[in-house]
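Heads up, the thing below is written out as structure tokens.
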Amino acid sequence: MSAWLFPPRCLVCAEPGVAGRDLCAACNAGLPWPVASCRRCALPLAVADDDQRCGACRQRDSPLNEVRAAFIYAAPVDGLLRRFKFHQDLAAGRLLAGLMCTRLADVERPVALVPVPLHVSRLRQRGYDQALELARPLSRGLGVPLWHGLQRVRATAPQSELDAAARHRNLRSAFAVQAPVPAHVVLVDDVMTTGATLHAAATTLRSAGVARVDAWVCARVP
Ligand SMILES: [Zn+2]
Ligand SMILES: [Zn+2]
């Protein structure tokens, strides 16, 4: 399949794409980039101060050292993510991964990238793992290897159907780690809402001896 046969076409509005991406210049300019965000949880901040932490993160510990979100969860990224996650639109996933690569090019690199794994039963249902589909092109683009030592050992109820307290209970002992562990990893996932899943994965990794855990997500729900 060559670019000549399939020229890039905007996945949002169907105009011709630019820079070899399935996104037009106008839609690219309208993407919801965060201006400033909390370095601990990627929550968008109204002003960027030296501390770069939101009110909640000033008052609590996190197993995550840093969280970066390429986007705020808003149009048109929210629609692209839904198409990618629930409607097998892998072209939308490739576009989002490419944009994440550009956005995260300057961030400190870890020893390895760790896609937040799906339980095998969910994987069978969906046919692909959205975190892995984002992490693969990031790994290639940024030259950081993937590490597959984090496993989902317990199927959990879909997080979207639960409140915050139930999310934490739901995730207790959901993950397991295989030794030896890298010293510094970045968890990769599509969307961060409360962060309960990322926190559970990070806690498991830290307990297994990983010195530093960060997270990169495509979009942060404000
Ligand atoms: Zn467009
Ligand atoms: Zn925060």
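For the range 1-17, the set of residues classified as among the hydrophobic types (A, V, I, L, M, F, W, C) and modelled with pLDDT under 95 consists of M1, A3, W4, L5, F6, listed by residue number. Scanning the range 16-36 for residues that are in contact with a Leu (Cβ under 9 Å, 6 or more places away or on another chain) and not aliphatic (A, V, I, L, M), we see that the one that is nearest to ligand 1 (Cβ to nearest atom) is C27. Note on the range 49-64: residues that are surrounded by 12 or more Cβ atoms within 10 Å (Cβ to Cβ), without any contact (Cβ under 8 Å) to a residue 60 or more places away in the chain and either of a type in the set (A, V, I, L, M) or in a helix (DSSP H, G or I) (or both) amount to 2. Scanning the range 65-79 for residues being touching a Cys at 6+ places or on another chain (Cβ under 9 Å), outside any loop (DSSP other than H, G, I, E, B) and either over 19 Å from N28 (Cα atoms) or within 16 Å of ligand 1 (Cβ to nearest atom) (or both) gives a total of 3. Checked against (1) touching a Phe, Trp or Tyr at 6+ places or on another chain (Cβ under 9 Å); (2) part of a loop (DSSP other than H, G, I, E, B); (3) of a type outside the set (D, E); (4) surrounded by 14 or more Cβ atoms within 10 Å (Cβ to Cβ), Q88 passes all but condition (4).
Okay, residues lined up against (1) assigned to a strand (DSSP E or B); (2) aliphatic (A, V, I, L, M):
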{"residue": "L118", "(1), (2)": "no, yes"}
{"residue": "S121", "(1), (2)": "no, no"}
{"residue": "Q125", "(1), (2)": "no, no"}
{"residue": "V144", "(1), (2)": "no, yes"}
{"residue": "D190", "(1), (2)": "yes, no"}
{"residue": "T194", "(1), (2)": "no, no"}
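Scanning the range 1-48 for residues that are within 16 Å of ligand 2 (Cβ to nearest atom) and touching a residue at least 12 places away in the same chain (Cβ under 8 Å) yields P34, V35, A36, S37, C38, R39, R40, C41, A42, L43, P44, A48. Residues that are within 24 Å of P137 (Cα to Cα) and in a strand (DSSP E or B): does the range 196-209 have at least one? Checking the range 196-209: not a single residue is within 24 Å of P137 (Cα to Cα) and in a strand (DSSP E or B). Residues of the range 165-185 being charged (D, E, K, R) and in a loop (DSSP other than H, G, I, E, B), which ones? Passing the criteria: only R172.
The values are calculated or read from the model by the stated rules, or taken from the named source; none is laboratory data. Quick caveat, the model's predicted, so the values are computed rather than measured. Glycine also receives a Cβ, built like all others from the backbone with ideal geometry; neighbour counts cover every protein chain displayed.
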